[in-house]
Amino acid sequence: MSRSRFVQQAMGLGPQWQAREGWFDQHPAELEKQALLQTAQVQQAEMAATISSLEPEQPSTPMPAVELPRSANLPPVAVNVTTAPVSAPEAANPAILISPAVEVAIPSWDQLEQNVANCQRCQLCNTRSQTVFGRGNPQARWMLIGEAPGEHEDRQGEPFVGKAGQLLDNMLAAAGLDRDRDVYIANVLKCRPPGNRNPAPEEILACQDYLQQQIRHVQPTLILALGRFAVQTLLQTEQTIGRLRGQLHQYQGIPLIATYHPAYLLRNLPDKAKAWQDMVLAKQQFARLSQSV
Ligand code: SF4
């Protein structure tokens with residue numbers, strides 16, 4: 001007997017009222033409360049299902065990690081740096097406009113080479129012997145970019161052959177660089193302009209994304225731009241090489257050194273010394289950039 005019941009009996013208050021087992025569960029008020037609770041749970045479940053049907057579907061496989069370019073983590077450069085504008089300046093020569101790279105998926109290296117080989121985007125496909133995709137090591141940390149194939153390149157399918165190519169090889173060798181191991185060489189245009197004329201604006205525009213895709217594949221630490229067209233195209237400027245050389249520029253975040261084209265140096269021997277100075281500057285910058293990666 002509980003203490004409270006003992007006290008009640010002792011005081012003559014008789015037995016305490018006891019509810020039958022299950023009395024509370026069957027009480028009308030309790031039944032109504034349970035019914036309301038069930039209705040609320042059903043409404044809650046229906047609302048959750050409606051919300052989940054409005055959410056975008058999640059991919060069944062995780063997105064692949066985006067690999068940053070090898071030059072993306074480079075620290076700020078402490079020397080005189082100019083940066084190519086993202087959008088074309090109004091004063092720029094339309095012949096040298098090149099749009100910034102768009103972060104979209106790019107074809108594989110082999111597919112890219114095949115795309116170039118089959119390309120008919122501009123009129124140069126009618127006069128070329130073959131396309132000239134590039135040459136060298138696609139994993140190289142140096143990328144050399146020239147203007148367009150000449151007569152020898154068009155015939156052999158490689159950039160920088162003939163006397164200009166030999167001069168470039170000699171300069172690379174003097175700098176301790178091997179053409180096939182340490183650098184990748186490409187041109188702004190992949191097809192030869194007839195008679196070695198200057199590239200036309202529409203030809204550069206038609207061909208520009210091939211070069212951009214090559215650069216994104218190679219991810220060079222340093223670009224050496226050879227000759228006026230390559231330099232002006234990449235930096236979107238009309239300034240001369242004489243004004244642009246001797247300093248570090250940027251092409252879409254990649255350090256770039258401007259220098260003369262080997263074919264020009266064959267005709268202008270006094271500028272060979274300047275080209276060598278540019279190569280020395282490029283070596284110094286490359287060493288500095290490599291240390292800081
Ligand atoms: S120059 Fe470039 S765009 Fe023109 S046909 Fe050759 S690969 Fe195509």
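The values are calculated or read from the model by the stated rules, or taken from the named source; none is laboratory data. Here the structure is a predicted model, which is why all the values come from computation and not from measurement. Cβ placement follows ideal geometry from the backbone for every residue including glycine, while neighbour counts extend to all protein chains displayed.
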Residue pairs meeting the criteria (Cβ under 7 Å; at least 6 apart or on separate chains; first farther than 15 Å from P159 by Cβ, in the stretch 219-238; second of a type in the set (D, E) and outside any helix (DSSP H, G or I)): Q232/E238
Residue list for the stretch 109-127, filter: more than 8 Å from the ligand (Cβ to nearest atom) and either touching a residue at least 40 places away in the same chain (Cβ under 8 Å) or among the acidic types (D, E) (or both): W109, D110, L112, E113, N115, T127
Residue satisfying all of: in the stretch 128-152; more than 23 Å from the chain's Cα centre (by Cα) and not hydrophobic (A, V, I, L, M, F, W, C); farthest from the ligand (Cβ to nearest atom) among these: H152
Every residue from the stretch 258-274 that is surrounded by 21 or more Cβ atoms within 10 Å (Cβ to Cβ) and farther than 13 Å from G146 by Cα: L265
Residue ranges of helices (runs of 4 or more DSSP H) in the stretch 106-191 with at least 2 members aliphatic (A, V, I, L, M) and closer than 22 Å to I204 by Cα: 109-117
Hey, Q208 more than 9 Å from the ligand (Cβ to nearest atom) and either in contact with a Lys or Arg (Cβ under 7 Å, 6 or more places away or on another chain) or in contact (Cβ under 8 Å) with a residue 60 or more places away in the chain (or both) or not: no
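To keep it simple, each residue is scored yes or no on (1) away from the ligand (no atom under 16 Å from the Cβ); (2) in contact with a helix residue (DSSP H, G or I) (Cβ under 9 Å, 6 or more places away or on another chain); (3) free of Cβ contacts under 8 Å to residues at least 60 places away in the same chain.
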| residue | (1), (2), (3) |
| --- | --- |
| D154 | no, no, yes |
| L168 | yes, yes, no |
| M171 | yes, yes, no |
| L177 | yes, yes, yes |
| V183 | yes, yes, yes |
| C191 | no, yes, no |
Hits in the stretch 193-205 (condition: within 9 Å of the ligand (Cβ to nearest atom), under 25 Å from Q156 (Cβ atoms) and part of a helix (DSSP H, G or I)): E203, I204
Subset of the stretch 141-167 that is aliphatic (A, V, I, L, M) and surrounded by fewer than 24 Cβ atoms within 10 Å (Cβ to Cβ) - its residue that is nearest to V231 (Cα to Cα): A164
Only one of V231, V188 that is modelled with pLDDT of 95 or more, buried (at least 20 other Cβ atoms within 10 Å of the Cβ), in contact with a Pro (Cβ under 9 Å, 6 or more places away or on another chain) and hydrophobic (A, V, I, L, M, F, W, C): V188
Test: I223 is surrounded by 15 or more Cβ atoms within 10 Å (Cβ to Cβ) and either over 22 Å from E151 (Cβ atoms) or of a type in the set (D, E) (or both): yes
